[in-house]
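Only one structure is covered here, and it is reproduced in the block below.
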Amino acid sequence: MFRKNWISPLIVFVALISGCETREVSTPTQPAANSQNTNTNVAPPANTSQPALPAHVAALPVTMPLLDAMLADEAFNSDVRQAVQISDEELSKIRDVAKNEVLQLGTVDEDDLTRSTRASTDKTRKEVEKILGPQRTDQFFNFIRLRWAGNGDNLAVTAPNAVPTDTRIVVNAPAYRMDIFRDGRLIKTYKVGIGYPEFPLPTGLRKANEIIFNPTWTPPDEPWVKGKFKPGEKVEAGSKLNPLGPIKIPIGLPSLIHGGKVQARLGSFASHGCVGLTDALVQDFAAQLAELSGTPLPLEKIKGYAKTPSDTENVKLARPVPVELRYETIVVEDGKVTIYRDVYEKDTNTEENLRRVLEAHGVNFDQLPESDRTKLLDAVQQMSVGADGKAVDGGNTNGANAGNSNTGKVTRNVKGKKEIVIPIASLAGKGYPSPMTVMVK
């Protein structure tokens, strides 16, 4: 989750006890929209001539924790004041609303499922609209989305189930799957934990530039600490209270790939916006990442770092490795169509999207046997539900679960089945490669 770092101009997620506790990331600089206006206490009329955002950027959810993180950075505040014409008073009000919401969040019992991504984004929009109005809220959110997506540059390939032809990491959140491709060939697959629906993983093409061994964690001076930590006092990497495990790998604003997860949380929600692995798996992954980047860092040396947890070590990769974050709920894989639960409620399980995915693999939906068409459409309907099992209503701009947005709880599990797999004869040999699963004890 997000937290504030008052020492340097970085944005980090406020740490919650079992999530992605510290994510230090640089904020890209974006030119101000109106550099002539120096009065930040009065909001002039907003500039309405904003270009349309790429689809990947426009789909990024804006939640209270994201606002809390962004508004913790004074450089961002300065830019957004001018770009969207927001006054100091308005920013202060938004910051207070976001902070109060974040402080109410906490984990809940395994079977308590009351929130959703859509509910969180809907509540955020309603609260900000009370301060900025609809038009400037659109501009404010779009500004945030551009920052979150790296200003919209280098977005991932949009072809359905695209198989990389280069060397990169691919994470598909609904499949809880992370793949390593070397020169277009899949060499390893990891089952991962993903961000809670309230803290969803973004999409787009990021880069891994460094591996940080024995990362420490500094609890913030916030009420949610509730006596479990002493604010401002570092928690060492070897401590059971450190949620990051032995390794963290920044992959761009504001996410990490890191350890510290138990095996049971892989294939489920496990973090506040990060990709989570067990300690053993993250060590294996770090070795693979180093090799891909041409950095001499064997697994034996990586394991050696864990023997001295008080020594934090930053290893710069010889060359950056692309990390592509995807959200694909309909995936063709060697003769099968797998339809995953729409856990972030993006309304991707539709007949239109099904047809698009099939066409990308040379199959016309209308030419399939009637029995196959029926199975596919039934599966799409069954999986068109959020983590809480409630239907995703693509036409409901207020959100299918907006009524549950005040519970102050984090969704930990998916209610019901997570996927449906349907064999289709005409898809044999086509699609995304089958997993090359890593088994590390």
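Packing order of peptides 414-421, 80-87, 329-336, highest average first: 80-87, 329-336, 414-421 (average count of other Cβ atoms within 10 Å over each peptide's residues). Applied to the range 80-86, the Karplus parametrisation 6.51 cos²θ - 1.76 cosθ + 1.60 on θ = phi - 60° returns per-residue 3J(HN,Hα) values of 6, 4, 7, 5, 10, 6, 10 Hz, with x for Gly and Pro.
First select every other residue whose beta carbon is under 11 angstrom from the beta carbon of Gly431; then total the charges, Lys and Arg +1, Asp and Glu -1.
Details: positive: Lys336, Lys430; negative: Glu333, Asp334.
That sum, taken over residues with Cβ under 11 Å, equals 0.
Using the average count of surrounding beta-carbon atoms within 10 Å as a protection proxy, the listed peptides 179-189, 91-101 rank, highest first, as 91-101, 179-189.
Taking amide H atoms as placed 1.01 Å from N in the peptide plane, the amide H of Lys188 lies under 5 Å from those of Ile180, each 5 or more residues away in sequence or on another chain.
Give me the Kirkwood hydrodynamic radius of the range 168-326 in Å, from all C-alpha pairs, to one decimal place?
Values: mean 1/r = 0.0629 Å⁻¹.
Every distinct Cα pair counted, the radius reaches 15.9 Å.
Computed packing ranks the peptides 364-376, 159-171, 63-75 as 63-75, 159-171, 364-376, most packed first, by mean other Cβ atoms within 10 Å.
Bear in mind these aren't lab numbers, they're just calculated from the coordinates by the rules spelled out. This one's a predicted model, so the numbers in the text were calculated from it and none came from an experiment. Positions of Cβ are backbone-derived with ideal geometry, glycine not excepted, and every protein chain shown enters the neighbour counts.
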